[in-house]
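The next block holds one structure in the form of structure tokens; read it before the comments.
The values are calculated or read from the model by the stated rules, or taken from the named source; none is laboratory data. Predicted, not measured: the structure shown is a model, and the values here were computed from it. Virtual Cβ from ideal backbone geometry, glycine too; neighbours counted across all protein chains shown.
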Amino acid sequence: KSILALSEKATADTPVLKMTDNPMGLTSFLYEIFRKETVESEFWMGMPYARPVLDLIGYQPAQEIFDVTLDSLVLHADKHVDFMGKAKNLYDEDITVVPFRFEYSAWDRMKKQAAQGDKFQVEEGGTQVEYTLADAIASGTSLNPEAYLFASTIDSDVWENDPSDWVAPSASFDEQAGTLTFTFPWDHTNSSGYTQIQVVYTLKTSK
């Protein structure tokens with residue numbers, strides 16, 4: 001289930017919705033993929049900074065909180081819905097995505113401690129070498145969900161797989177049927193292609 005509400009960005013002329021909880025029903029799925037890209041990945045955990053960084057921020061998998069929201073769903077008179085926006089991927093590139101906003105407790109601590117200049121040590125050639133948490137983030141040892149869950153722009157077929165797994169992103173609403181429908185491709189850092197996602201919301205009516 002998701003919670004939809006009127007966005008603060010709505011005006012008298014333009015209705016704008018936001019999903020304040022479990023947007024598209026994808027929160028658990030997105031968190032699972034994020035963990036597989038990072039703390040459950042042998043490659044990520046094999047990076048020299050990974051374990052010291054997790055220890056430094058006090059990472060506790062069972063206690064971390066991962067929340068997702070989605071704002072700026074603009075409903076137009078012709079029944080189409082604008083729902084795409086811009087984000088940064090792992091390579092700091094501007095890409096077009098479904099602009100989910102992530103709140104992740106471990107990433108919040110990581111950013112705070114990096115801003116404080118917190119440091120950790122790594123053994124290199126028998127010597128303990130000191131690095132800052134900011135160094136680790138810059139080198140890719142990051143727990144920023146946005147960096148892993150937004151890989152490429154979704155308004156064109158970047159992967160060009162054969163057969164194509166891309167689908168044109170679209171969204172519309174039907175007042176008579178009481179439905180709100182979204183279709184879009186989605187990828188992540190190590191996906192090597194798109195997952196096609198279709199979500200249909202049906203308005204509950206009281207009898």
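Per-structure values
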quantity	calculated
Scan of segment 68-92 for residues that are in contact with a Ser or Thr (Cβ under 6 Å, 6 or more places away or on another chain) and of a type in the set (Ser, Thr, Tyr), ordered by number	Thr69
Check on Leu73, part of a strand (DSSP E or B), hydrophobic (A, V, I, L, M, F, W, C), at pLDDT 95 or above and under 28 Å from Phe182 (Cβ atoms)	yes
Cβ pairs under 6 Å, 6+ apart, first in segment 136-151 and aromatic (Phe, Trp, Tyr), second in a helix (DSSP H, G or I)	Tyr148/Phe34; Tyr148/Glu37
Which listed residue, of Phe120, Phe102, is in a strand (DSSP E or B) and either within 17 Å of Ala50 (Cβ to Cβ) or of a type in the set (Gly, Ala, Ser) (or both)	Phe120
Condition met for Glu160 (assigned to a strand (DSSP E or B), free of Cβ contacts under 8 Å to residues at least 12 places away in the same chain, more than 28 Å from Met19 (Cβ to Cβ) and of a type in the set (Asp, Glu))	no
Filter pass, Ser164 being at pLDDT 95 or above, surrounded by fewer than 15 Cβ atoms within 10 Å (Cβ to Cβ) and either more than 30 Å from Asp55 (Cα to Cα) or of a type in the set (A, V, I, L, M) (or both)	yes
Selection from segment 4-20 of residues that are assigned to a loop (DSSP other than H, G, I, E, B) and either within 11 Å of Leu75 (Cα to Cα) or among the polar types (S, T, N, Q) (or both)	Ser7, Ala10, Thr11, Asp13, Thr14, Pro15
From Glu40, Glu32, residue being surrounded by fewer than 19 Cβ atoms within 10 Å (Cβ to Cβ), within 18 Å of Ser142 (Cβ to Cβ) and among the acidic types (Asp, Glu)	Glu40
Residue selected from segment 123-148 under the condition in contact with an Asp or Glu (Cβ under 8 Å, 6 or more places away or on another chain) and in a helix (DSSP H, G or I), by the criterion surrounded by the fewest Cβ atoms within 10 Å (Cβ to Cβ)	Tyr148
Residue that is modelled with pLDDT of 95 or more and either under 28 Å from Val74 (Cα atoms) or among the aliphatic types (A, V, I, L, M) (or both), where the choices are Ala147, Ala138, Ala171, Ala177	Ala171
Residue ID - farthest from the chain's Cα centre (by Cα), chosen from residues in segment 58-80 that are crowded, with 18+ Cβ neighbours inside 10 Å and among the aliphatic types (A, V, I, L, M)	Leu75
Tally of residues being in contact with a Leu (Cβ under 7 Å, 6 or more places away or on another chain) and assigned to a loop (DSSP other than H, G, I, E, B) across segment 163-182	1
Positions within segment 6-29 being surrounded by 13 or more Cβ atoms within 10 Å (Cβ to Cβ) and either under 18 Å from the mean Cα position of the chain (by Cα) or among the aromatic types (Phe, Trp, Tyr) (or both), in sequence order	Lys18, Met19, Thr20, Asp21, Asn22, Pro23, Met24, Gly25, Leu26, Thr27, Phe29
